[in-house]
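Participant: Structure provided below as structure tokens; questions to follow.
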Amino acid sequence: MSTATSAIAVSGLRRSFGAHVVLDGVDLDVAEGSIFALLGPNGAGKTTTVQILSTLLAADAGKLRVAGHDPARHPDRVRAAIGVTGQFSAVDNLLTGEENLRLMADLRHLGRREGRQRITELLDRFDLVDAAGKLASTYSGGMRRRLDLAMTLVGQPRIIFLDEPTTGLDPRSRRTMWRIVRDLVADGVSIFLTTQYLEEADQLAGRIAVLDSGRLVAQGTPDQLKRMVPGGHVRLRFADAFALDAAARRLDDSVRDDDALVLQVPTDGSVRDLRALLDRLDGQSIEVDTLSVHTPDLDDVFLALTGQARQKQETSR
């Protein structure tokens, strides 16, 4: 369950809508000042999880702590500590960028002077100074998402839920959002991220959980998850055919390419596995010219781990 350094701690989270089980015993732990990504196909339960943790929906069962508080017993305390940027922008198109921020400052009950100072800081931080007086309806997609996140930060939350924050953005705007998210974490903010972009989770998250049909099917660092699926290998290139032959005899499970003087050897990508491989070659005085490690990416992990429950259901019909 929770520890002194947990921003979010979840144990046995369950939620159903009628006979449909959406979350079935989910356990999560998000460290303070970290980025935690929750992945899963559409309908896996990601948005429901965010809604429960942000007090928008009640859990059927489970022990929950967000910023040290139970969302069911102390929702006001949780809301005071969090910010939520949903899939769809909360920006009011009939207001300017500055007016949107002022509205949030009023809702947060900031004094006039404090609110004005906070708005100025956020406009500068999110590169919206020149567009502050323009209607939000004229903003590009990237500008709208930056404004949306700036509105979330008016209350200086300790924990931010980002529910698919870069959906529909072009690559440049997406990378701008990534930089902003990293800067927030550097300031001590905890980020709970859901995303359909696996590269985004790989780039940002220190830990990732994979949700499928309401159950967690994997959890760990990006590298740990990648080592869970087959396909990783080391590519060894040798200076001549003699060294290639010697290595091939020593490494029975390798695949050789005589034209390129290359051996491809299966590996999980761990340091221990690589050290053992090189020790086997060093023991025979076989020198490797170049070495490169190739591991599965999160796309491979996602495809390997999700959809299995749904396939079982369809097979049993």
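The values are calculated or read from the model by the stated rules, or taken from the named source; none is laboratory data. Being a predicted model, the structure only gives us computed values, none of them experimental. Cβ atoms come from the backbone with ideal geometry, glycine included; neighbour counts cover every protein chain shown.
Participant: Restricting to the stretch 141-173, what's the tally of residues that are buried (at least 21 other Cβ atoms within 10 Å of the Cβ) and modelled with pLDDT under 90?
Facilitator: Counting residues in the stretch 141-173 that are buried (at least 21 other Cβ atoms within 10 Å of the Cβ) and modelled with pLDDT under 90 gives 3.
Participant: Just checking, which of ALA131, ALA105 is among the hydrophobic types (A, V, I, L, M, F, W, C), under 25 Å from LEU193 (Cα atoms) and in contact with a Gly (Cβ under 7 Å, 6 or more places away or on another chain)? Full working, then the answer.
Facilitator: Details: ALA131 fails: under 25 Å from LEU193 (Cα atoms).
Result of the check over ALA131, ALA105: ALA105.
Conditions (1) outside any loop (DSSP other than H, G, I, E, B); (2) out of contact with any Ser or Thr (no Cβ under 6 Å at 6 or more places or on another chain); (3) on the phi > 0 side of the Ramachandran plot; (4) not assigned by TED's automatic domain parsing to the domain that holds ALA81, marked per residue:
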position: GLY168; (1), (2), (3), (4): no, yes, yes, no
position: THR176; (1), (2), (3), (4): yes, yes, no, no
position: ASP183; (1), (2), (3), (4): yes, yes, no, no
position: GLN196; (1), (2), (3), (4): no, yes, no, no
position: GLU199; (1), (2), (3), (4): yes, yes, no, no
position: ALA239; (1), (2), (3), (4): no, yes, no, yes
position: ALA247; (1), (2), (3), (4): yes, yes, no, yes
position: ASP252; (1), (2), (3), (4): no, yes, no, yes
position: ALA260; (1), (2), (3), (4): no, yes, no, yes
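Participant: Restricted to the stretch 105-121, and to residues that are at pLDDT below 95 and among the hydrophobic types (A, V, I, L, M, F, W, C), which residue is nearest to ASP148 (Cα to Cα)?
Facilitator: Checking each candidate, the answer is LEU107.
Participant: How about the stretch 177-222: which of its residues are crowded, with 19+ Cβ neighbours inside 10 Å and of a type in the set (S, T, N, Q)?
Facilitator: SER190, THR194, THR195, SER213
Participant: Which residue pairs have Cβ atoms closer than 9 Å, lie 6 or more positions apart in sequence or on different chains, and pair a first residue in the stretch 216-231 that is touching a residue at least 24 places away in the same chain (Cβ under 8 Å) with a second residue that is hydroxyl-bearing (Ser, Thr, Tyr) and crowded, with 16+ Cβ neighbours inside 10 Å?
Facilitator: Here the result reads VAL217/THR306; ASP223/THR295; LYS226/THR295; ARG227/THR295; GLY231/THR295, each pair linking the stretch 216-231 to a residue that is hydroxyl-bearing (Ser, Thr, Tyr) and crowded, with 16+ Cβ neighbours inside 10 Å.
Participant: Tell me, please, whether a residue that is in a helix (DSSP H, G or I), closer than 15 Å to ALA9 by Cβ and either outside the structural domain of LEU169 (by TED's automatic domain parsing) or touching a His at 6+ places or on another chain (Cβ under 6 Å) (or both) can be found in the stretch 80-92.
Facilitator: Checking the stretch 80-92: not a single residue is in a helix (DSSP H, G or I), closer than 15 Å to ALA9 by Cβ and either outside the structural domain of LEU169 (by TED's automatic domain parsing) or touching a His at 6+ places or on another chain (Cβ under 6 Å) (or both).
Participant: Do we find that PRO75 is surrounded by fewer than 20 Cβ atoms within 10 Å (Cβ to Cβ), closer than 27 Å to PHE302 by Cα and touching a residue at least 12 places away in the same chain (Cβ under 8 Å) in this structure?
Facilitator: For PRO75, the condition - surrounded by fewer than 20 Cβ atoms within 10 Å (Cβ to Cβ), closer than 27 Å to PHE302 by Cα and touching a residue at least 12 places away in the same chain (Cβ under 8 Å) - is not met.
Participant: Follow-up question, since we're still on this one. Assess whether LEU211 counts as being within 8 Å of the chain's Cα centre (by Cα), closer than 19 Å to GLY86 by Cα and either modelled with pLDDT of 95 or more or outside any helix (DSSP H, G or I) (or both). Let's see the steps before the verdict.
Facilitator: Working: within 8 Å of the chain's Cα centre (by Cα): no; closer than 19 Å to GLY86 by Cα: yes; either modelled with pLDDT of 95 or more or outside any helix (DSSP H, G or I) (or both): yes.
Here the answer is no, as LEU211 does not meet what is asked.
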